[in-house]
Amino acid sequence: MRSGRSTEAEHRKILEEVLRPGQNPDFFSEARARRVKLKPGAPSTIEILRDDRGRDRAR
């Protein structure tokens, strides 16, 4: 990882930041702000998952 921490250590750090009282009063606003924005006309995540499942079944 870029941070030099293990994946587990990175997960712990993220959880500590999110769960610390007073540090992040509105988790959902923060999550929405970090969410990836899809371009107009791009397939939805549901469509992507369905296509991927279809490929698995075709094998």
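Between Arg50 and Lys13, the modelled label-to-label distance comes to 3.9 nm, taking each label 7 Å out from Cα in the direction of the beta carbon.
Packing, taken as the mean count of other beta carbons within 10 Å per residue, orders the peptides 34-45, 7-18 from highest to lowest as 7-18, 34-45.
Here, each number is a calculation from the coordinates, and none is a lab measurement. Just so you know, these numbers come straight off a predicted model, no measurement behind them. Reconstructed Cβ throughout: ideal geometry from the backbone, glycine too, with neighbour counts over all protein chains shown.
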